[in-house]
Amino acid sequence: MTLDLARLRAETPGVAHRIHLNNAGASPMPAPVLDAMVAYLRREAEIGGYEAAADSAVRLNGVYDSVARLVGGARDEIALTENATVAWQMAFYALPFQPGDRILTARAEYAANYVAFLQVARRTGAVIDVIPDDADGVLDPQALERMIDERVRLIAITWVPTNGGLVNPAAAVGRIARAHGIPYLLDACQAVGQMPVDVGALGCDMLSATGRKFLRGPRGTGFLYMRRDLMRRLEPPMIDHFAAPWVAPDRYELRPDARRFESWENNYAARLGLGVAVDYALEIGVEAIAARCQALAAQLRQSLGAISGVTLHDLGRHPAAIVSFSLDGCEADAVKARLAAAGINVSTSQPSSTLLDATARRLPPLVRASPHAFNTEDEIETLAAAVHAMR
């Protein structure tokens with residue numbers, strides 16, 4: 001499928017004002033997402049919040065179907081959450097751990113996940129073990145296989161870490177987890193919207209993601225996929241009367257679907273926007289989006305790599321559309337500020353966000369540029385020229 005770049009840019013209002021290369025942080029919503037949310041909020045103002053939700057019940061209910069199509073799951077395996085962190089935490093903290101149980105994770109694991117591992121280890125006596133990387137800095141499935149024993153209770157990794165362009169072999173990890181009957185939790189925040197996702201092919205039991213990054217949905221949205229047979233064996237760490245209806249004075253019953261991991265009150269305008277963003281990505285074609293993101297990132301790496309004083313810090317033979325670099329003699333925050341003054345949005349990545357990887361590689365704070373399908377080749381070169389001018 002060929003992308004209609006003119007359409008993408010016409011439906012992305014922000015491109016008229018700035019060059020947005022911070023899509024790994026938060027991508028600008030396309031016009032259909034914004035229009036749907038604004039219209040819903042107007043309806044709330046006109047007839048009331050409960051009434052607007054009832055009026056849009058069919059569309060809101062359809063968001064589960066859209067997310068299920070996006071990831072290859074079933075609608076009863078999808079929970080909608082306030083963000084990806086809540087989705088990940090609801091899955092992780094539902095799992096039981098005992099002293100000596102092992103949690104296997106990746107060296108480039110995200111800070112929010114790793115501190116949760118540390119907390120559970122402190123509370124329960126579980127142990128965290130880090131899977132070695134291969135020579136390219138990518139998680140090594142063969143090393144993972146050698147680590148498996150009867151004490152492993154969870155494999156939890158980030159598919160595409162927050163920096164470094166790394167794409168971990170999520171499907172290879174899934175095959176190992178399935179072969180040994182070990183629950184597998186996959187953080188797909190930076191993958192969903194940037195590349196095709198199929199939970200069956202990945203072999204994951206749980207997958208968390210956000211709406212605000214490459215999926216181009218609103219902030220304050222996320223979702224959890226949980227495989228049906230695992231979901232029905234787990235009780236969420238927190239419940240309310242939506243997740244678990246109160247059926248007798250001394251008894252509640254958990255919902256039979258993944259919405260047992262939700263709570264009653266929600267931002268329905270944001271949920272509706274998430275559904276429109278998912279449908280938008282599916283209509284355009286996730287394969288086509290992935291190909292263009294990859295091509296623009298490759299162009300950016302080539303252009304930045306030709307600049308004296310620039311060091312690229314990306315890993316793997318087939319990196320994602322997250323380009324991490326540093327500039328000699330110029331702090332990352334200063335580079336970001338100067339680019340912002342030139343109308344170019346990028347982000348920075350602090351070592352604390354992936355502390356194990358940053359320590360092992362002695363990484364300084366990095367500049368992070370992340371193109372999306374709506375960006376142009378000229379915008380990539382404009383960023384490179386602006387960095388060149390800072391030398």
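Taken together, the values in this text are just the output of simple stated rules run on the coordinates, not laboratory data. Remember, it's a predicted structure, so these values are computed and weren't measured experimentally. No Cβ is skipped: glycine too gets one built from the backbone with ideal geometry, and neighbour counts run over all protein chains shown.
Once the piece of chain linking Asp328 and Glu265 is laid out straight, how much longer is it, given 0.36 nm per residue of separation minus the C-alpha distance between them? Please report the intermediate quantities before stating the final value.
Values: separation 63, 0.36 × 63 = 22.68 nm, distance 4.87 nm.
Length gained, Asp328 through Glu265: 17.8 nm.
How large is ³J(HN,Hα) for each residue in the stretch 204-221, as worked out from phi by the Karplus curve 6.51 cos²θ - 1.76 cosθ + 1.60 (θ = phi - 60°), to whole Hz, x for Gly and Pro?
Residue by residue, the stretch 204-221 yields 8, 8, 9, 9, 10, 7, 10, x, 7, 8, 5, 6, 6, x, x, 5, x, 9 Hz.
Report, in whole Å, the centroid distance computed from the Cα atoms of the stretch 21-62 and the stretch 84-149.
36 Å
Of the residues Ala360, Ala290, Ala243, which exhibits the maximal mean-square fluctuation in a Gaussian network model of the chain defined by a 10 Å Cα contact cut-off?
Checking each option, the largest mean-square fluctuation is seen for Ala360.
Taking 0.36 nm per intervening residue step and subtracting the Cα-Cα distance, what contour gain separates Leu282 from Asp378 on full extension? It would help to have the intermediate numbers written out before the result.
Values: separation 96, 0.36 × 96 = 34.56 nm, distance 2.62 nm.
Fully extending the segment from Leu282 to Asp378 adds 31.9 nm.
Could you please state, rounded to a whole Å, how far the C-alpha centre of the stretch 354-369 is from the C-alpha centre of the stretch 276-343?
After rounding, the separation between the Cα centres reads 16 Å.
Pairs of alpha-carbon atoms within less than 8 angstrom and 6+ residues apart define the contacts here; what relative contact order does the chain have, in percent?
Values: 780 pairs, mean separation 91.9, N = 391.
It comes to 23 percent, rounded to a whole number.
Mind checking which of Ala384, Met90, Leu296 is farthest towards the positive end of the chain's charge dipole, using Cβ charges of +1 (Lys, Arg) and -1 (Asp, Glu) about the Cα centre?
Ala384
Near Leu355, within a Cβ-to-Cβ distance under 13 Å, what is the net charge of the other residues, with Lys and Arg +1 and Asp and Glu -1? Intermediate results must be reported in sequence, preceding the final value.
On the way: positive: Arg107, Arg361, Arg362; negative: Glu109, Asp357.
So the surrounding residues net to +1.
Rounded, prolate or oblate: which one fits the chain, using the alpha carbon gyration tensor with axes a ≥ b ≥ c (rounded when a/c is under 1.5, else prolate when a/b beats b/c, else oblate)? Present the calculation step by step, with values, prior to reporting the outcome.
Values: a/c = 1.98, a/b = 1.16, b/c = 1.70.
Here the chain falls in the oblate category.
What residues have an amide H closer than 5 Å to that of Val152, excluding those fewer than 5 places away on the same chain, when H is modeled at 1.01 Å from N in the peptide plane?
For Val152, the qualifying residues are Arg102.
For the stretch 279-293, in order, what is each residue's ³J(HN,Hα) by Karplus, 6.51 cos²θ - 1.76 cosθ + 1.60 with θ = phi - 60°, in whole Hz (x at glycine and Pro)?
Result, rounded to whole Hz: 4, 4, 5, 5, 5, 5, x, 5, 4, 5, 4, 4, 4, 6, 4.
Picking from Asp136, Asp198, Asp279, which is most flexible by a Gaussian network model of the chain using Cα springs under 10 Å?
Asp136
What Kirkwood hydrodynamic radius do you get for the stretch 78-200 when you take the inverse of the mean 1/r over all pairs of distinct Cα atoms, in Å?
Numbers: mean 1/r = 0.0676 Å⁻¹.
The Cα-based Kirkwood calculation yields 14.8 Å.
List the trypsin sites (Lys or Arg not before Pro) within the stretch 260-350 that fall in a DSSP loop (any state other than H, G, I, E or B) and whose Cβ has at most 15 other Cβ atoms within 10 Å. Can you show the working numbers first?
Numbers: sites: Arg260, Arg271, Arg292, Arg301, Arg317, Lys336, Arg338; in loops: Arg317.
Sparse-neighbourhood loop trypsin sites (Lys or Arg not before Pro): Arg317.
Can you sort Cys204, Cys330 so the residue with the fewest Cβ neighbours within 10 Å comes first? Present the calculation step by step, with values, prior to reporting the outcome.
On the way: Cys204 32, Cys330 16.
The order, fewest Cβ neighbours first, is Cys330, Cys204.
Helix-derived [θ] at 222 nm for the chain: sum -39500 (n - 2.57) over DSSP H runs of at least 4, divide by residue count, nearest 500? All intermediate terms of the calculation are to be shown ahead of the outcome.
On the way: 15 runs with 160 residues, N = 391.
Computed mean residue ellipticity for the chain: -12500 deg cm²/dmol.
Report the label-to-label distance for Ala54 and Arg338 in nanometres (one decimal), using points 7 Å from each Cα along the Cα→Cβ vector.
6.0 nm
Answer with one residue from Asn266, Ala45, Ile307: the one whose Cα lies farthest towards the positive end of the charge dipole of the chain, charges on Cβ with Lys, Arg +1 and Asp, Glu -1.
Projecting each Cα onto the dipole axis, the largest value belongs to Ile307.
Note down the nm distance, to one decimal, between modelled labels 7 Å out along Cα→Cβ at Gln142 and at Arg362.
According to this spin-label approximation, the distance is 2.8 nm.
Find how much the distance from Gln302 to His180 grows on full extension, using 0.36 nm per residue of separation minus their present alpha carbon separation; answer in nm with one decimal.
So the chain would gain 39.8 nm between Gln302 and His180.
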